[in-house]
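Peer 1: Before I ask anything, let me first share the structure, which is written out below as structure tokens.
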Amino acid sequence: MFITALIVAAGSGARFGSETPKQYHTLAGRSVLAHAVGCFRAAPSIARVVIVVRPGDAAPCRELLERDGAPADAYVDGGETRQASVHAGLEALAADAPPEAVLIHDAARPNTPPELIARVVDALSAAEAVCPALPVVDTLRSAEGGVAGDLVPRDGLWRAQTPQGFRFPAILAAHRAQATIPATDDAEIARRAGLGVRLVEGSRWNEKITAPGDLEASARILEATAMREIRTGLGYDVHKFGPNADGSTDHVMLCGVRIPHDDGLVGHSDADVGLHALTDAVLGAFAGGDIGRHFPPSDPQWRGATSDRFLRFAAERVSARGGAITHLDLVLICERPKISPHADAMRARVAEIASLSEDRVSIKATTSEGLGFTGRREGIAAQAIATLSLPAQR
Ligand code: MG
């Protein structure tokens, strides 16, 4: 079955009480909408993902989703209400690439489990309309002016969720026929059109973000359930002995620590070979290019720059993706100066720059037994491995 996911992201977030609609807020390093799109892009049964946006939002929305690594296949302008937006989306599908079935989903549900999408799709093989729902388990009570009133029987009551699945021609016809009769969800439009709506089990993880506090709750759910992946990156750098960028020859900078020596290290910046290798390792772990791409030696503003800014930049890029550096391991290769007296200070400084605890930073040193350029005391080499935990890209 050819199935398109239609994600409704046209709301202004009036109940959310913020200038920015809730679907564009950031949750664990990506927009709420990107999380929602990612859930459907990862579902093998879904062929296309189409987003309904507020008129005028298509270009910024596309840009945002591309940045977040979750682009959609098409963007459609919505209408004044949710119902009008869904209708506009369905008409766009009808005009472009009409699917056999459509899953209509709220952008403000960023954590729809794959098994829930599968349940809706499976049920569609024997039903014209499918609605995931959870039984109401809390006691329901009326109230007026903060005073409790009568109990409301909860037997037979269900909370409807999305994605709701429909045979495409049937839901399109139902929306066309009821364009002026308000409904808060598509299952209701289907039911009024005489379609049988099959309920399937919803998911407690699939809650909708409605109030600002829900973002935090959602972030916790994502933390608890989201797949994370471990990435590693390799960094390597060499600088040769000679005058430092400021002309001095009485010290070298290694891992952000000034170490007295009878020579300097030649480089455009402060030639901190340790921080350069660490920076490239961190960048490498998320395929973020290398230090030369972000801080070109040809750019005079980096002349004599202290290298802490390079590692800090890479660490901040990791946080911006909702990730964390879990470990840095560095080996400095040189015959001189002696590293071990300074290793603790270096660990402390690297931990500070990368905002890590010191037990996540390892700094080691070795000689090369007099062999090669390091053995001939022509310079210092450094190798680093960074280990990162990142949200899995769905
Ligand atoms: Mg370098």
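Read-outs throughout are calculated quantities, based only on the coordinates presented, and are distinct from any laboratory measurement. Since the model is a prediction, treat every value here as computed from it, not as a measurement. Cβ placement follows ideal geometry from the backbone for every residue including glycine, while neighbour counts extend to all protein chains displayed.
Peer 1: Out of 318, 331, 32, any idea which swings most in a Gaussian network model of the chain, alpha carbons joined below 10 Å?
Peer 2: 331
Peer 1: With r defined as the distance between the Cβ atoms of residue 81 and residue 312 and R0 fixed at 30 Å, what FRET efficiency is calculated, to the nearest 0.05?
Peer 2: 0.05
Peer 1: Can you put 186, 237 in order, fewest other beta carbons within 10 Å first?
Peer 2: 237, 186
Peer 1: How long is the gain from residue 151 to residue 236 if the chain were fully straight, where each residue apart is worth 0.36 nm and the alpha carbon distance is subtracted?
Peer 2: 23.7 nm
Peer 1: Please compute the length gained on full extension between residue 216 and residue 377, using 0.36 nm multiplied by the number of residues separating them and subtracting their Cα-Cα distance.
Peer 2: 52.5 nm
Peer 1: Within 10 Å of each residue's Cβ, count the other Cβ atoms and sort 302, 205 from fewest upward.
Peer 2: So the ranking, lowest neighbour count to highest, is 205, 302.
Peer 1: Average projected area of the Cα convex hull of the chain, in nm²?
Peer 2: 25.7 nm²
Peer 1: Related question: Fewest first, what order do 349, 119, 141 take by the number of other Cβ atoms within 10 Å?
Peer 2: Going from least to most buried by this count: 141, 119, 349.
Peer 1: Suppose we keep just the DSSP beta bridges with both residues in the chain; what percent of those would be antiparallel, to 5?
Peer 2: 60 percent
Peer 1: Where does the range 182-240 land on Rg(C-alpha)/(2.2 N^0.38 Å)?
Peer 2: 2.18
Peer 1: Something else now. Need the C-alpha centroid separation for the range 204-261 versus the range 358-394, integer Å.
Peer 2: 16 Å
Peer 1: List the GluC sites (Glu not before Pro) within the range 85-118 that DSSP assigns to loop and that have no more than 13 neighbouring Cβ atoms inside 10 Å.
Peer 2: Hits after loop and neighbour filter: 100.
Peer 1: Also, I was wondering about something else. Could you work out the relative contact order of the chain, using alpha carbon pairs under 8 angstrom and six or more residues apart, expressed as a whole percent?
Peer 2: Once divided by the residue count of the chain, the mean separation gives 15 percent.
Peer 1: For the residue pair residue 126 and residue 324, what label-to-label distance in nm results when each label sits 7 Å from Cα along the Cα-to-beta-carbon direction?
Peer 2: 4.5 nm
Peer 1: Note down the nm distance, to one decimal, between modelled labels 7 Å out along Cα→Cβ at residue 96 and at residue 348.
Peer 2: Going by the 7 Å Cα→Cβ label model, 5.8 nm.
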